[in-house]
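Below is one structure, written out as structure tokens; comments come after it.
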Amino acid sequence: MSEPTRVIVVGSGFIAGEHLSALEQLPDAEVAGIVDLDPGRAAAAAKSAGGVPWAVDLGTAIADWSADAAIVCTPNHSHPAIGKLLADAGVHALIEKPLAITSADAAELVTLFEDRGLVLSAAHTHRYAPYARAVRQAIVDGAVGRPLQARITLLGGWIWGDWRNWQIDRSRSGGHALHNGVHLLDLVTWWLGDTPTHLHAHGRKRAAADLEVHDYLMITVGYASGASAVCEMSRANQPRGIGYREVFVQGDGGTLRLPWDNEGLLSWGHDGTRSVPAGPSPFLAQARTWLAAVRGDQLEEEPVTGRTGLAAVVLGDAAERSLASGTMISLEGEGAR
């Protein structure tokens, strides 16, 4: 393509702002418009994005705006229907994680896009973060020999505004293992380069006993080679403005540690202590790689494909079933790759 790729952003919440910021920095991308069911939100987001068009109906927007691609930033349960509409219209898609809240729906999306020769990517943005790339590259370079165990801890405070937030409504988010847990499950599987065979999850509802989702998770994954991984995450930490991230990888030839690097720059002010992001934006790297795939350009980064997103949904779905049953879940035959 010689002209900029015209991208529709579907949904206008917080995460849409991150994607819009990334698109604005790419000369080969053009925001065609913003779609949101709420006209007030759509209009406000469109104004903030420089006065681009806005609409409440995606089908009409695709036709009217001659869109090439779309970034989907809507609640998780809506992804299959929106993805099908995009695929039927011949529009490439980057869909926020998880691709869907069931493995069957995620698999159907992947098939739809593959059958039509369209690019589908899942927004596993952590893969593009400097820390995740550094760990992956160190393992590929043989720093630990054959990896035997990985552990990632990602802890933070409450980020959802109130009890109306869809993220804590299980019917819309799928549960926390699917909504945020897929980030960690995807990373450890990518780092180890192995096939998951079984999984066990333990969760707690720390902020409030009547939460529908677990805001603290501990997920253990076993792999075909005998390697294992532990994913620990929380959205119930206090003080909530300070995050904690730690990575540990043990192999038969060495150990890799990345301790407490999540805070970056710290700012103390009248509004309290907060972290200030430092380093390149993973959203920018993600958008650049996705658009290169859409345009058929040479890829500089390993892309996150629809099948990557499907594998993460399989793991997240298994984790939610393990949380419900208290048992180990076998992944044999479930397509987690």
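The values are calculated or read from the model by the stated rules, or taken from the named source; none is laboratory data. What you see is a predicted model, and the numbers here were worked out from it, not measured in a lab. Glycine also receives a Cβ, built like all others from the backbone with ideal geometry; neighbour counts cover every protein chain displayed. Heads up: the accessible areas ignore ligands, DNA and RNA and are worked out on the full protein's heavy atoms, side chains in. Shrake-Rupley method; radii C 1.70, N 1.55, O 1.52, S 1.80 Å.
General remarks:
- Cα centroid separation - the range 227-263 against the range 116-148, whole Å: 16
- Seen from every direction in turn and averaged, the convex hull around the alpha carbons of the chain projects onto 17.2 nm².
- For the chain, with +1 on Lys and Arg beta carbons and -1 on Asp and Glu, the positive-most of ALA285, TYR131, SER12 along the dipole: TYR131
- Other-chain or far-sequence residues with amide H under 5 Å of THR197's (modelled H): GLY222, TYR223, ALA224
- Dipole magnitude of the range 176-261, debye to nearest 20 (Cβ charges: Lys/Arg +1, Asp/Glu -1, about Cα centre): 280
- Residue separation of GLU332 and ASN262 scaled by 0.36 nm, minus their Cα-Cα distance, works out to 21.8 nm of gained length.
- Residue-averaged [θ]222 nm for the chain, counting only DSSP H segments that reach four residues, each worth -39500 (n - 2.57): -10500 deg cm²/dmol
- With the simple model of a label 7 Å out from the Cα in the direction of the Cβ, GLU301 to THR111 spans 3.1 nm.
- Candidate residues MET328, MET218: accessible-area rank, largest first, probe 1.4 Å: MET328, MET218
- In plain terms, the chain from ASP38 to PHE14 could stretch by 7.2 nm, reckoned as 0.36 nm per residue minus the Cα-Cα distance.
- On the principal axes of its alpha carbon atoms, the range 1-66 extends 33, 25, 17 Å, with the longest extent given first.
- Accessible area per residue for the chain is 44 Å², calculated with a 1.4 Å probe on protein heavy atoms, without ligands, DNA or RNA.
- Under 5 Å, built H, 5+ apart or other chain: amide partners of GLN149: SER228, GLN250
- Put GLU3, GLU114 in order of accessible area, highest first, and with a 1.4 Å probe you get GLU3, GLU114.
- In sequence order, calculated HN-Hα J values of the range 171-180 (Karplus, 6.51, -1.76, 1.60; Hz; x Gly/Pro): 5, 9, 9, x, x, 5, 5, 7, 6, 10
- Stokes-Einstein, applied to the Kirkwood radius of the range 113-169 over Cα pairs at a viscosity of 1.567 mPa s and 4 °C, places its translational diffusion at 83 µm² s⁻¹.
- Accessible carbon and sulfur surface of the chain relative to its total accessible area, %, 1.4 Å: 52
- 5 angstrom amide H check on ALA29, placed H, neighbours 5+ away: THR5
- Listed peptides 118-127, 153-162 by packing density, highest first (mean Cβ within 10 Å): 118-127, 153-162
- Share, in percent, of DSSP beta bridges within the chain that are antiparallel, nearest 5: 55
- Calculated on alpha-carbon atoms, Rg and Dmax of the range 15-164 in Å: 18.1, 55
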